[in-house]
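Here's the structure, in structure tokens; my notes come after.
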Amino acid sequence: MGTLKDLSSLSENTFLQVLRDILDEYFQRIPSSKESSDIDPQIRRQLEHILRSTNPSSNKIPTDELPEHLQKFYMNFIHDYRRDIERYHIYHSSQYIDEYRLKNFDWNIRMTLHDEHLFKCRLPLVNLELELTNENHSKNILLELDEQELNRLIEEMTKIEQTMNNTNVLLTQ
């Protein structure tokens, strides 16, 4: 696979530095090194893709796209930068907001078997389907949330509602 060949040439330090710089750029922080600016743009895009496809809240972080010598470093990076990566995901998801509007949504709960340390337990998951639309077409986004992720979403939505209510009060005065 081309990805493995290209990424296998990266040292552990360069790999971690490029990941840090990707997050720094998105959060408009000062990059910590010049080293990653010399990196091949294709490799950087591959790392951005891997970062976007990683759910830091998941119990199992897929590392199949990475060469073996970088997998452990990536797992540690995900652990150390979990909050930033979650915010990075929100940033990328919010790019649809300018183009699209919520037309409809649907949800359901399903139970999955979760095997943790040889104990099988039932894990409820919420499937939330959002139908977004713009002038030309619709797009469906499916989110699968565990209890912790759902609670976080509800908290954020509550904050949005409070902010909107506060704004409405200010506008009516």
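The values are calculated or read from the model by the stated rules, or taken from the named source; none is laboratory data. In this text, all values refer to a predicted model and were calculated from it rather than measured experimentally. Here the Cβ is made from the backbone with ideal geometry for all residues, glycine too, and neighbour counts use every protein chain on show. Accessible surface is based on the protein model in full, side chains and every heavy atom, while ligands, DNA and RNA are left aside. Shrake-Rupley method; radii C 1.70, N 1.55, O 1.52, S 1.80 Å.
Taking 0.36 nm per intervening residue step and subtracting the Cα-Cα distance, what contour gain separates ASN127 from GLU25 on full extension?
Numbers: separation 102, 0.36 × 102 = 36.72 nm, distance 3.17 nm.
Roughly 33.6 nm would be gained on extension.
Quick one: order LYS103, LYS120 from most to least accessible surface, probe 1.4 Å. Please report the intermediate quantities before stating the final value.
Values: LYS103 130, LYS120 150 Å².
Most to least solvent-accessible, the answer reads LYS120, LYS103.
Remark: the ASN140-ILE154 segment gains 3.0 nm on full extension, using 0.36 nm per residue and subtracting the alpha carbon distance. Extending 7 Å from Cα along the Cβ direction at SER53 and again at GLU86 yields two label points whose distance is 2.3 nm.
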